[in-house]
Every structure is written in structure tokens, then in C-alpha cells.
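Structure record follows, encoded as C-alpha cells.
The values are calculated or read from the model by the stated rules, or taken from the named source; none is laboratory data. Just so we're clear, the structure is a prediction, and the values are computed from it rather than from any experiment. Here the Cβ is made from the backbone with ideal geometry for all residues, glycine too, and neighbour counts use every protein chain on show. Only protein heavy atoms, including side chains, enter the accessible area calculation; ligands, DNA and RNA are left aside. Shrake-Rupley method; radii C 1.70, N 1.55, O 1.52, S 1.80 Å.
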Amino acid sequence: MRAKVESEINRIVRTLKNDQLPGGDWDYAFETGITTDAYMIILLRVMKIHNEELIRSLVERILSKRESDGLWKLFPDEEEANFNVTLDAYYALLSSGYKSANDPDMRIVKRYLLSKGGLANAGMFSKILLAITGQIPWPNDYPFTLEIMVQPLSTPLNIFDISVFGRSNLIPILILADKKFSLKNSGGPDLSDLLVERFYVDYNYDGSEHQRYDKALALKKAEQYMLDRIEPDGTFLNYFSATFLMIFALMALGYTKNHPVITKAIKGLESMRVTIDGFTHMQYTTANIWNTTLISHAMQAAGVLPSSETVQKANHYLLQKQQLLYGDWVVHNPDTLPGGWGFSNSNTINPDVDDSTAALRAIKHFAKRNPDYRGAWDRGSIWVMSMQNSDGGWPAFERGVDNKLLSALPVQGAEYLLLDPSSADLTGRTLEFFGTFTKLNKTHPSVKAGIIWLVNNQKDDGSWYGRWGICYIYGAWSALTGLRAVRSMEQETISKAIRWLKKIQNEDGGWGESCNSDIKRTYVPLGASTLTHTAWAVDALIACTDESTSEIERGIQFLLDNGEKDDWTTAYPKGQGMAGGFYIHYHSYRYIWPLLALGHYRRKFG
């Protein structure tokens, strides 16, 4: 076994070294289904940008992702076709001009859409797309109005009560809805044949009798919010959806199609294209910093020397990417200097806790010897600690953004889009960082509060819900490794989680979890094992025992036997952004997590 572990570690390390970019980072794809591909086609057609090579290649990818029934899903084992994804695909294919509504395969899609209620059944974001492009009228009411832009921070609900990822999408929508903006693609598709029932709109209603705020000021604040958060690549906080919406929102405010801000934003979106299995995909964002932090740390944990050229280049890249500008996080955390890291290659003002602890793990050895890295380490560690919520847990992007009233609003994915609460994965991984890399333990007040949060939020079966991964296995791994790192004495909590992990191990020695867990909010087995889930589970078990067990040995054997496997389980999403709406296949994960688990196994058990 030892020789095989050594061989597999070496194989993964060789692959990672070969894939490193000259700048020291890794650009493994951040793959998110076909929605961004569809939106890009529609954007280019509406804006009369005739990039036929890109449009044709996106059409090919969308068609390649159809299920056997000719429809589309969010993930392979989704219980039935996903209406919104299928509608987005249908609209984009017709917009491209390379498919016709009369094509036999498109008639199948149309019949399905009509059978489900047509355009009236579309989700919030699909309806906004349809309204922007003139396919349906803008409704008269939304859960929010522009008034939220001028509400002071002292009010019960202001714009900074909403998460940064929700805010960046909501603000351009507020502008578009207020202006009732639409820009129809002349010569493009007419989806009126999908109107099973009419959209009722009172065209005499403008809401002015309820307006008790300065709309001009609110519009200006909304415009300035977007402009102030344009990253160097031209995108709005590096989010595809926010940038897409910003482009149309600025046009609603009078910007022309050829305005430099708009043309640069479109170029920024185009720069997110990536080739996967021969097909072009528009990434929602790039994941270079996230990839590089995790890979650098995993390689060092697996025995690659910090002095190696690979680690040196990776950490130099990370040192340059530390954020020294204030972002929205400062609103709820005003007494702390900047020092975190973001997720994508162009992030400069949107750090998050998970990327920051991952970067700090990667540069720890360097901080001992190099004053530049030591300064980065000190700033980063202080920033991470300062982001702890008052309930003891850690959020992703901002402190104190957990107004539960928002989750009740009729906004698609409100709980996930509008809030940034403490989560088991962020809290567990942050505790693991402090326990392993700073030697803080259970006696420290902040650590003690984090432990209490995890204990109080454990599920009855022993698992934890992981907000940003799939899902309960991810949460359990994060929580267990965190609790063990800070030497928690909550033995019953730990034992309960271990029993759960052992119980759900598959016959082949691996673990696998369905994205349906995320939707149903309870563990749903995938019916197959994946490298990533297995690595998370076995790494958690390794952290919780001083001697190897049969479950650990079987899990390690699965990683060794399947390390080079390339099938649907490899491509299955392991991350999520919004339950039931947004899932992520990280192309780096098949290397990172097995390497980390194998490195920990070798170090602990020889």
C-alpha cells in the first residue's frame, strides 16, 4: 500500500506541475452548466456583435449537454428536466440563428415548455432575461424597489443587509425594473407562442403614489455602486450574471452600446471562455486564486518542498493577489485593515474567508523566513479572525448578513442569494486553519465560539450542511477537521459524525453524494463513488484517529484504483452557489482533494 500511495502522490504532483501556468497559477475550469453559454449567445445577438465563431461553438456545447429526451438538467441525476435551464437553452439556440423552431429536436423542447405552463412558469432570473429582451413585459412589482439604495445603514433593511453576490445582481435589476428597459433583438426569435397565459400589466401604473424617496438620487447611487466595483478586466466583481445585468442597466441609464465601460465589460465576459472536452464554455468566473491556494497547500502537505520552483511560483502569484483595497466587507467590519484573498484572477476588492485561509495555509512556510510574506500573513490572519460572526461561526464574504426576513421574500433562491450566514464549511475550515497553522486551540475565545457554533448546528444524523460544496459530506469533513485541529473535547459530536461517515461508505470503499441533497436538505446518496467525496470523507476519518481503520484503508484503496478515472462521476458537480439553481464542477478537485488525503494518510500512518 505504501508504495502505491507514493506512486499516486507522485503522479498527481507531476500532473499539477505540468499544468501550472508561467505566472505560477492554475486555470482549471470553473464549469457551471449551460446557462452562461445561453446568456452569452443572447447578449451577443441583442448587441449585434457578430462573433460567429464564439456563437457557433456555444451552440455546439449547449446541444452536447442535452439528455436522452432532448431536454436539459442542472446535474445528471436531477429527478426531471429543469424547466429554466431548458427554457434558457431553447431561447439561446433560436437566438443564435443556427437552430429553427421547426427543427424536430426543437419541437420536442417547445412541447415540453408548453406542457409546463410556458413562459409563465419561468423562474425570476429567466423572466428578467425575457423582459430585458422584450419577450414579456416587466411586472409592476418586485420585492425591492430603488428605495433600498437610499436607506441609511441604521434602518432595519438596507442594501448592505443583502449579500455581496446578491447585491451585485439585485442592483442592476432594480434599475432595469424601474426603467422598464427592453432591447429586443430585431430579427431574433419571437417567444410569444410560449405564452400559455397572458402577463397582466397595468400600463397606467408607475408606482409614483407610493414613492417617498428621491428616485434620481437612488438611480445615481445604484449606477455608482456598479461603476465603483468594476474589476480590471471590465467585469462587475468578476461575476458573469452581474456583469450581464450591469450592461443592460447602464444602457437603461443612457449609455450607448459602444460606451467604453460596456465594450470592456463584454470583452471581460469573453475572456472567461474556456475549452472543455473540445467545447467552448463561458465560465461564471475564473477560479485561478482558489485553484492555486489549494494546490500549493496540497502539494506541500504531500511532501513537495516549499523551495521547489512550483511552490515558489505559486506563492509569489498569491502574494501579488492579496487584496489591499477596502471592499463591501468593511461596512460591517469597519475597524479592520484589508488583507484577504479573492476567488478569481482579477479580484481586487471582493475577498472571502475560504480563499484567505487557503492562501494563508499555502504561504505559512514562507512567512517564517520572508518579511514580505510575514506581512501578508499577519494582515490575512487578522482579517480572517475579524470576519467571525456574532453567533460564533464564519461567513463567506461579509459579517452580519443574515437577516432571516429576507429568506422569506419571493426571490428565487432568496436564502442562498440574499444571505451570507455562518456555515459549517466556513467555520470548520477556519478553525482548521487556526488550529493547524497558528496553534490556537479550544481555549481561545473565538475558537471556543466557533466550536459551540458547530456543535449547535450538527444535524441529527451526525452530519453538517456544507453551504458551498456538495454537501453533507463536505460539511462533515470541514467540521471534523476543524474540531480536531483545535483539540475540541466534544467527543460525542465527533463520534456521531464518524459513525455517520462510516455508515454511508459505499461497497467499493468510496463515498458519493447527490446534488439532490442540496435541494432536499437531507443527505441523498449519489449511487456511485466520486474521487472528491471519497477524499473528503477519508481525510475527515484520518483526522479523527491515531490508527488507521478498515474504512480508511478501503477509502484510500478507492483513490488509488480510480485516480485516473474519467467518467460522469468525475464531471459531477461538487460545488454549489444556489441550491436548485447553480452547481459547479471544479476541474481541479480531482487532483487537490485526493492529493491532500493521500498526503495526510502517508504522514500519519506511514
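Quick one: what do you get for segment 62-191 if you divide its Cα Rg by 2.2 N^0.38 Å?
Here the Cα radius of gyration is 1.26 times the empirical estimate.
Given Phe30, Ser488, Ser126, which one lies farthest toward the positive end of the charge dipole of the chain, if we put +1 on the Cβ of every Lys and Arg and -1 on the Cβ of every Asp and Glu?
Result: Ser488, furthest along the dipole toward the positive end.
Relative to the compact globular guide of 2.2 N^0.38 Å, what is the alpha carbon radius of gyration of segment 258-383, as a ratio?
Segment 258-383 yields a ratio of 1.19.
Select from Ser57, Val261, Ile41 the residue farthest towards the positive end of the dipole of the chain; place +1 on Cβ of Lys and Arg, -1 on Cβ of Asp and Glu, and compute about the Cα centre.
Farthest towards the positive end: Val261.
Probe of 1.4 angstrom, ligands and nucleic acids ignored: what's the accessible area per residue over the chain, in square angstrom?
Here the residues of the chain average 39 Å² of exposed surface.
Taking the convex hull of the alpha carbon atoms in segment 536-594, what volume per residue do you get, in Å³?
104
Quick check: at a probe of 1.4 Å, how many percent of the accessible area of segment 485-562 sits on carbon and sulfur atoms?
With neighbouring chains kept in place, the figure for segment 485-562 is 46 percent.
Report the charge-dipole magnitude of the chain in Debye, nearest 20, computed about the Cα centre from +1 at each Lys and Arg Cβ and -1 at each Asp and Glu Cβ.
Here the size comes out at about 1020 debye.
In square nanometres and to one decimal, what's the mean projected area of the convex hull around the Cα atoms of the chain?
Over every viewing direction, the Cα hull of the chain projects on average to 26.5 nm².
Using the Cα atoms as the points, what is the convex hull volume per residue of segment 123-167 in Å³?
Taking only Cα atoms, segment 123-167 has a hull volume of 95 Å³ per residue.
Under 1.5 on a/c is rounded, so check that first for segment 415-563, then, if it is not, pick prolate when a/b is larger than b/c and oblate when it is not; a ≥ b ≥ c are the square roots of the alpha carbon gyration tensor eigenvalues.
Note, shape of segment 415-563 comes out oblate.
What angle do you read, to the nearest 10 degrees and between 0 and 90, between the alpha-carbon axis of helix 104-115 and the longest principal axis of the chain?
90
Quick one: the Cα spread of segment 20-119 along its three principal axes, in angstroms, biggest first?
So the extents along the principal axes, rounded to whole Å, are 51, 36, 20.
By per-residue mean of other Cβ atoms within 10 Å, what is the highest-first order of 347-358, 45-56, 467-478, 329-340?
Result, highest mean first: 467-478, 347-358, 329-340, 45-56.
With N set to the number of residues, divide the alpha-carbon radius of gyration of segment 344-427 by 2.2 N^0.38 Å and report two decimals.
Cα-based Rg divided by the globular estimate yields 1.31.
What are the ³J(HN,Hα) values, in whole Hz, obtained from phi via the Karplus relation 6.51 cos²θ - 1.76 cosθ + 1.60 with θ = phi - 60°, for each residue of segment 563-576 in sequence order, with x given for Gly and Pro?
Each residue of segment 563-576 in turn: x, 9, 5, 9, 9, 4, 5, 5, 8, 5, x, 10, x, 9 Hz.
Which of the residue pairs Lys442/Lys496; Lys4/Lys439; Lys48/Lys264; Lys73/Lys99; Lys4/Lys313; Lys48/Lys73 have a Cα-Cα distance greater than 22 Å in the structure shown?
Table pairs above 22 Å Cα-Cα are Lys4/Lys439; Lys4/Lys313; Lys48/Lys73.
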